[in-house]
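This report refers to the structure that appears directly beneath it.
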Amino acid sequence: MAMQNVFNNVKSTAFGVAEKFVPILKASKFQETGVITPDEFVAAGDHLVHHCPTWQWAGGDESKSKSYLPKDKQFLITKNVPCYKRVKQMDTHNNSQEKVVDADGSDEGWVDTHHYSEAGGGDLTNQVSEMTLETPAAQSFAKTDDIDDEDDDGEALDMDEFEEQGLTLEVKDPGTADVSQAQAADNDIIQARTYDLRITYDKFYQTPRLWLTGYDESRKSLTVDLMYEDFSEDHANKTITMEPFPHIPGPPMASVHPCKHAAVMKKIIETVAEGGNSLGVHMYIMIFLKFVQAIIPTIEYDFTRNFSM
């Protein structure tokens with residue numbers, strides 16, 4: 001893992017330099033390639049904040065402000081997200097079921113940790129069910145008193161499973177989460193850690209990027225090793241990097257590297273299109289938060305309710 005971290009840090013530094021020379025994306029290429037413009041990032045962030053008020057826009061350090069984003073909308077943040085379990089307490093991963101979702105033949109693809117399992121095995125294109133896209137008026141969002149209880153302690157939704165289930169997304173403010181199951185769990189579950197989650201726009205990859213800061217029960221910062229206990233081992237060795245946050249000073253934060261985000265989103269867009277529908281760019285960050293849950297399955301930001309697409 002140490003060598004992988006060194007490699008990731010060197011690569012990220014190189015990309016940070018290269019980003020300065022990358023022109024700002026002006027024309028939308030969302031449908032074609034899965035990338036978004038800064039304006040589309042802001043629109044998708046506004047959509048998230050509107051429906052999930054625990055997410056808010058932030059401006060950060062003015063000296064680090066990006067000119068291609070509004071000063072008060074530099075990044076998205078949600079705080080005090082609970083994490084009741086360590087990944088090893090719920091891990092059922094089998095290496096023989098792992099496959100890398102790889103769009104360009106490199107070894108840096110998205111890890112699908114249950115590709116060959118009996119429940120979800122086989123070729124994706126032969127298993128995607130017909131999908132329907134509801135109108136905005138039909139995309140109702142739950143209030144606290146009418147949210148259906150779900151098994152939130154199950155496996156995180158992996159890439160192929162997400163598509164196989166007809167791209168059924170669920171949207172609800174995580175601040176209304178029912179934590180009774182976690183509170184009544186076995187004694188071997190420690191008191192909740194919490195995480196602050198941030199989403200930035202990555203100018204080089206032209207996609208959202210997720211950042212995490214963890215705290216123990218006393219609100220003291222978690223070490224890197226302790227945070228790795230809350231990341232899927234399959235992804236932590238390939239996807240998680242520790243890097244300086246671009247909008248505020250401070251120690252490095254854990255970040256989900258965005259090198260494959262566009263490829264994953266393009267695959268989702270194509271799957272929706274196969275059902276005769278189209279995916280609106282305003283949904284980008286909500287979908288993004290769904291598929292990164294495979295990396296952080298015990299960080300419970302995704303308490304949501306179904307709506308069809």
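The values are calculated or read from the model by the stated rules, or taken from the named source; none is laboratory data. Everything numeric in this text was worked out from a predicted model, so none of it was measured. Every residue, glycine among them, receives a Cβ derived from its backbone with ideal geometry; neighbour counts consider all protein chains shown. For the accessible areas, the whole protein counts, side chains as well, though only heavy atoms, and no ligand, DNA or RNA atoms are used. Shrake-Rupley method; radii C 1.70, N 1.55, O 1.52, S 1.80 Å.
For segment 47-62, name all the residues that are part of a helix (DSSP H, G or I) and open to solvent by 50 Å² or more (accessible area, probe 1.4 Å). Please lay out each step first, then the result.
Going residue by residue through segment 47-62, those that are part of a helix (DSSP H, G or I) are 47-51, 62.
Scanning segment 47-62 gives 50, 62.
Of the numbered criteria (1) open to solvent by less than 20 Å² (accessible area, probe 1.4 Å); (2) touching a Pro at 6+ places or on another chain (Cβ under 7 Å), the one residue 252 fails is (1).
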